[in-house]
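What follows is a single structure, written as structure tokens, with notes after it.
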Amino acid sequence: MRAKAPRVRPRRLSHVLVFTSDIDRAIDFYSTIVGLRLSDRSDRVAFMHAIHGSDHHILAFAQSDGPGLHHCSWDMRGIDDIGLGAMQMAGKGYTRGWGLGRHVLGSNYFHYVQDPWGSYAEYSCDIDFVPAAQRWQAGHHAPEDSFYLWGPEPPADFAVNREV
């Protein structure tokens, strides 16, 4: 029953997407200095994973005029927990966002809720995993093939960097 729906909480922080004015420079730093590997990219976004075996991306970059935080993604047990989490947020007044849908790169299910300062909290599950022994073949994808597979249209200001 809906009245008895359990309260859900994220299991862990899955990834962070930050804005940058230079995606190539960010990729270079995080690969040569930190040791991450490029998973996939498009014209305005790039995703990186860790060498020890990790989700498709633990750090992502989006093109902008300057630095900023776009979202923190929280790993949930499954798609039902994403829905329940979105309902909990809506019950607290946080109704602006985007989802439910499924991304292409990483192929995770998602629901974004805008937080009080204009960034997003993403509830996510079922993201691709890159094992430590696997050399992931990074691709450069067309923008229309890199954002989402299905779901509602994102808000017009979804990719706006509110910190610039």
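The values are calculated or read from the model by the stated rules, or taken from the named source; none is laboratory data. Given the structure is predicted, the values throughout are model-derived calculations rather than measurements. Methodologically, a virtual Cβ is constructed for each residue, glycine included, from the backbone with ideal geometry; neighbour enumeration extends over all protein chains shown.
Is there a residue being in a loop (DSSP other than H, G, I, E, B) and either aromatic (Phe, Trp, Tyr) or in contact with a Cys (Cβ under 6 Å, 6 or more places away or on another chain) (or both) anywhere in segment 139-151? Yes; the residues of segment 139-151 include at least one that is in a loop (DSSP other than H, G, I, E, B) and either aromatic (Phe, Trp, Tyr) or in contact with a Cys (Cβ under 6 Å, 6 or more places away or on another chain) (or both). Residues that are part of a strand (DSSP E or B), within 21 Å of Glu144 (Cα to Cα) and at pLDDT 95 or above do not occur anywhere in segment 1-16. Flag set for Met1, criterion: surrounded by fewer than 17 Cβ atoms within 10 Å (Cβ to Cβ), of a type outside the set (Val, Ile, Thr) and free of Cβ contacts under 8 Å to residues at least 12 places away in the same chain. Filtering segment 135-164 to residues that are among the polar types (S, T, N, Q), closer than 16 Å to His57 by Cβ and touching a residue at least 60 places away in the same chain (Cβ under 8 Å) leaves only Ser146. Does Ala156 meet the test of being closer than 20 Å to Leu69 by Cα, out of contact with any strand residue (DSSP E or B) (no Cβ under 9 Å at 6 or more places or on another chain) and either modelled with pLDDT of 95 or more or assigned to a strand (DSSP E or B) (or both)? For Ala156, the condition - closer than 20 Å to Leu69 by Cα, out of contact with any strand residue (DSSP E or B) (no Cβ under 9 Å at 6 or more places or on another chain) and either modelled with pLDDT of 95 or more or assigned to a strand (DSSP E or B) (or both) - is met. If only residues of segment 139-153 that are more than 20 Å from Ser124 (Cβ to Cβ) and out of contact with any strand residue (DSSP E or B) (no Cβ under 6 Å at 6 or more places or on another chain) are counted, the one that is surrounded by the most Cβ atoms within 10 Å (Cβ to Cβ) is Pro143. Checking Leu69, Leu84, Leu100 one by one, the residue that is under 29 Å from Ala5 (Cβ atoms), in a strand (DSSP E or B) and of a type in the set (A, V, I, L, M) is Leu100 and no other.
Residues are listed down the side, and each one gets a yes or a no for (1) crowded, with 19+ Cβ neighbours inside 10 Å; (2) among the aromatic types (Phe, Trp, Tyr):
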{"site": "Ile33", "(1), (2)": "no, no"}
{"site": "Asp40", "(1), (2)": "yes, no"}
{"site": "Asp55", "(1), (2)": "yes, no"}
{"site": "Ala86", "(1), (2)": "yes, no"}
{"site": "Arg102", "(1), (2)": "no, no"}
{"site": "Gly106", "(1), (2)": "yes, no"}
{"site": "Phe110", "(1), (2)": "yes, yes"}
{"site": "Gln114", "(1), (2)": "yes, no"}
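The test for being surrounded by fewer than 16 Cβ atoms within 10 Å (Cβ to Cβ) and part of a loop (DSSP other than H, G, I, E, B) does not hold for Ala90.
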